[in-house]
Amino acid sequence: MSEALFEAEPELERADDFISAEVKRQFEQVPEIGARWRWYDWPYRFIELAVFGKRIRRFWPKRLRRGANRLLNIFSAFNRLERERISFLDDPLYTLNLPEQESIRLPVFWLVEYYSPSHAGDLENRLSKGKWRRDISRPGNPPHESLRRGRDSRNPGGWAHLATFVPTDSGRASFDGTRAALPSEFASVDVRLIPIGSSLTAVVAEFRLSQEAQFLLDAALRENHDPQLYWTKGTLQVRGRMFVGMRRVQFAREQLHDVGRTWMARELTTA
């Protein structure tokens with residue numbers, strides 16, 4: 001164990017030297033707030049001297065000092081933002097850099113809607129409507145019958161295929177699918193019903209994405225992720241480029257999920 005630590009020491013020292021040199025470079029290019037005459041240095045210096053000076057500080061009420069301190073923190077955030085824009089520009093540990101020969105592809109995702117016993121009747125009524133009888137892949141086996149059979153603890157049923165939807169303008173043949181007005185992000189939607197014991201039923205929708213939508217996360221990852229200012233709990237903070245990139249990827253994924261949830265809610269609530 002001691003030998004392994006001894007061998008790792010040179011690597012740790014090089015990492016420390018790299019970080020120290022990088023931090024030094026950042027502060028040389030963007031000194032601490034109040035060290036120059038940038039736009040935020042002027043009000044920062046004025047508040048610091050007028051409110052927090054040694055001889056005058058005790059004359060200001062506590063509430064005013066708190067307000068002045070919040071202003072100093074706001075101006076300091078702009079200083080940190082300026083420094084963040086030049087920090088670790090080529091370090092993969094601080095940026096989201098995807099190699100040109102690689103890509104992120106999301107071909108499919110699933111959404112699940114759970115129905116408790118108190119909503120079983122509502123779901124059964126919805127599945128007995130004509131829209132779900134358009135599924136020709138399981139003739140003679142209506143989905144609401146599968147639901148009722150699956151909730152019978154004496155005769156439990158497995159999963160049941162409810163419907164497969166494909167876009168109305170789809171050029172490919174679909175012998176087991178129903179043409180419907182799907183959002184442009186989806187190439188098809190496959191819906192199944194899965195009874196979970198006698199007390200819970202899951203409606204599972206499998207969304208297969210269109211060719212363009214499959215690479216939405218990849219496009220979000222390759223954008224320029226400049227550092228940002230954001231408010232949280234009444235304070236102004238700086239978000240680094242890596243976290244800006246992560247939030248953009250998360251937002252792109254959430255947008256896809258929102259489109260799926262909206263479609264699923266409409267299909268399961270509209271006759």
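The values are calculated or read from the model by the stated rules, or taken from the named source; none is laboratory data. It should be emphasised that the depicted structure is a prediction, and the values quoted were computed from it without experimental measurement. All Cβ positions, even for glycine, are placed from backbone atoms using ideal geometry, and neighbour counts span all protein chains on display.
Scan the stretch 36-60 for residues that are at pLDDT 90 or above and either of a type in the set (K, R) or part of a loop (DSSP other than H, G, I, E, B) (or both) and jot them down.
R36, W37, R38, W39, Y40, R45
I'd like the residue in the stretch 59-78 that is over 26 Å from Y230 (Cβ atoms) and hydrophobic (A, V, I, L, M, F, W, C) and, out of all such residues, is nearest to the chain's Cα centre (by Cα).
Once the filter is applied, the top-ranked residue is L64.
Of the numbered conditions (1) surrounded by 15 or more Cβ atoms within 10 Å (Cβ to Cβ); (2) out of contact with any helix residue (DSSP H, G or I) (no Cβ under 9 Å at 6 or more places or on another chain); (3) closer than 27 Å to N125 by Cα, V244 fails exactly one; give the number of that condition.
Condition not satisfied by V244: (3).
Any idea how many residues of the stretch 230-268 are basic (K, R), part of a helix (DSSP H, G or I) and touching a Phe, Trp or Tyr at 6+ places or on another chain (Cβ under 8 Å)?
The first filter runs over the stretch 230-268 and keeps only residues basic (K, R), leaving 233, 239, 241, 247-248, 253, 261, 266.
Retained after the next criterion (residues that are part of a helix (DSSP H, G or I)): 241, 247-248, 253, 261, 266.
Next, from what is left, pick out any that are touching a Phe, Trp or Tyr at 6+ places or on another chain (Cβ under 8 Å): 241.
Residues flagged as basic (K, R), part of a helix (DSSP H, G or I) and touching a Phe, Trp or Tyr at 6+ places or on another chain (Cβ under 8 Å) within the stretch 230-268 amount to 1.
Quick one: which of A252, A213 is modelled with pLDDT of 90 or more, in contact with an Asp or Glu (Cβ under 7 Å, 6 or more places away or on another chain) and of a type in the set (G, A, S)? Walk me through it before giving the result.
On the way: A252 fails: in contact with an Asp or Glu (Cβ under 7 Å, 6 or more places away or on another chain).
None of the others qualify; the one that does is A213.
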